[in-house]
Amino acid sequence: MTSRSQSPDDLAAEKALLRSETARRRDHLHETIGDVGSQVARNFHEKWSPPSGIVVSAFWPFRSELDLRPLLYRLHEAGQVIALPVVVAKRAPLLFRLWTPDTSLEVGGFGVSIPPESAPVVEPDWLLVPLLAFDDKGYRLGYGGGFYDRTLAALRARKSIFSIGVGYDDQQVGQVPRGPDDGRLDAIVTERRALILEH
């Protein structure tokens with residue numbers, strides 16, 4: 001269990017160790033389970049029906065992340081506005097640009113596929129968030145840049161949002177190490193289930 005009095009350096013070291021372990025675990029799951037994007041899309045729609053016209057941010061598959069493209073296409077067909085995240089600066093919230101099936105993506109920072117600068121900037125209402133690990137309290141372990149923590153905090157300061165972590169079911173851990181700046185997710189969707197998390 002993470003101590004409330006844990007120093008920032010100790011917390012960073014604990015996160016780094018878990019990040020290494022869970023990255024290897026996700027790579028293994030990706031190799032052994034294969035393409036489960038359609039199952040994730042089905043579980044999402046069995047649990048949620050986003051209102052038509054709301055902005056849903058997602059992510060293009062990168063390395064061993066789950067492939068959300070089946071869900072993106074279904075949401076787009078249902079009338080939701082789809083956005084993809086763009087890193088604009090270190091320690092800054094993410095920017096979101098419009099995506100449609102006709103969008104020609106470019107390679108952005110960290111090698112991630114992003115919409116071109118000509119794509120309109122939009123602000124998400126629902127966010128599908130990548131992760132390396134999650135726990136049943138809604139905390140996630142990301143890649144260490146803090147982009148989603150800052151983004152969720154900035155959006156929540158302005159309006160009500162709904163954040164959904166996306167990962168393999170076996171990425172769940174007993175407790176994610178957390179500090180005062182680590183935000184919670186509202187829900188999780190995996191290849192096995194979709195659930196609202198305890199807060």
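The values are calculated or read from the model by the stated rules, or taken from the named source; none is laboratory data. As the structure is a prediction and not an experimental result, all values here were calculated from the model. Glycine also receives a Cβ, built like all others from the backbone with ideal geometry; neighbour counts cover every protein chain displayed.
Return the residue satisfying two criteria in turn: it lies in the stretch 99-118 and is within 17 Å of the chain's Cα centre (by Cα) and among the β-branched types (Val, Ile, Thr), and of such residues it is surrounded by the fewest Cβ atoms within 10 Å (Cβ to Cβ). It comes out as Val112.
Which residue, of Val88, Val56, is of a type in the set (A, V, I, L, M, F, W, C) and assigned to a loop (DSSP other than H, G, I, E, B)? Break it down stepwise before answering.
Working: Val56 fails: assigned to a loop (DSSP other than H, G, I, E, B).
Among Val88, Val56, only Val88 is of a type in the set (A, V, I, L, M, F, W, C) and assigned to a loop (DSSP other than H, G, I, E, B).
Could you tell me which of the residues Arg74, Arg91 is charged (D, E, K, R) and either on the phi > 0 side of the Ramachandran plot or touching a Leu at 6+ places or on another chain (Cβ under 7 Å) (or both)?
Arg91
All conditions in (1) over 13 Å from the mean Cα position of the chain (by Cα); (2) under 20 Å from Pro61 (Cβ atoms); (3) among the hydrophobic types (A, V, I, L, M, F, W, C) hold for Ile161, with the sole exception of (2). Applying a threshold of 7 Å to beta carbon distances and a minimum spacing of six or more residues, or different chains, the list of pairs starting in the stretch 28-39 at a residue that is under 16 Å from Ala58 (Cα atoms) and hydroxyl-bearing (Ser, Thr, Tyr) and ending at one that is buried (at least 16 other Cβ atoms within 10 Å of the Cβ) and modelled with pLDDT of 95 or more reads Ser38/Pro70. Pairs are defined by a Cβ separation below 6 Å, a sequence spacing of at least 6 or placement on different chains, a first member in the stretch 138-164 that is at positive phi, and a second member that is among the hydrophobic types (A, V, I, L, M, F, W, C) and part of a loop (DSSP other than H, G, I, E, B); the pairs so defined are Gly138/Leu185; Gly138/Leu197. State yes or no: is Phe96 surrounded by 14 or more Cβ atoms within 10 Å (Cβ to Cβ), touching a strand residue (DSSP E or B) at 6+ places or on another chain (Cβ under 8 Å) and aromatic (Phe, Trp, Tyr)? Against the criterion (surrounded by 14 or more Cβ atoms within 10 Å (Cβ to Cβ), touching a strand residue (DSSP E or B) at 6+ places or on another chain (Cβ under 8 Å) and aromatic (Phe, Trp, Tyr)), Phe96 qualifies. Any idea which residue in the stretch 171-190 is surrounded by the most Cβ atoms within 10 Å (Cβ to Cβ), counting only those that are modelled with pLDDT of 95 or more and farther than 22 Å from Glu21 by Cβ? Out of the qualifying residues, it is Val189. In the set (1) without any contact (Cβ under 8 Å) to a residue 24 or more places away in the chain; (2) in contact with a strand residue (DSSP E or B) (Cβ under 8 Å, 6 or more places away or on another chain); (3) under 22 Å from Arg63 (Cα atoms), Ala119 fails one condition alone, (3). Within the stretch 40-58, being within 18 Å of the chain's Cα centre (by Cα) and free of Cβ contacts under 8 Å to residues at least 24 places away in the same chain holds for one residue alone: Arg42. Within the stretch 70-101, being over 22 Å from Ser38 (Cβ atoms) and free of Cβ contacts under 8 Å to residues at least 12 places away in the same chain holds for Val88, Ala89. For the stretch 1-52, filtering for residues that are charged (D, E, K, R) and either touching a Cys at 6+ places or on another chain (Cβ under 7 Å) or in a loop (DSSP other than H, G, I, E, B) (or both) leaves 2.
Tell me, yes or no, whether the stretch 19-37 has at least one residue that is within 17 Å of Glu77 (Cα to Cα) and surrounded by 14 or more Cβ atoms within 10 Å (Cβ to Cβ). Walk me through how you get there before you give the answer.
Of the stretch 19-37, the ones within 17 Å of Glu77 (Cα to Cα) are 37.
Remaining after also requiring surrounded by 14 or more Cβ atoms within 10 Å (Cβ to Cβ): 37.
Looking for residues that are within 17 Å of Glu77 (Cα to Cα) and surrounded by 14 or more Cβ atoms within 10 Å (Cβ to Cβ), one finds at least one in the stretch 19-37, hence yes.
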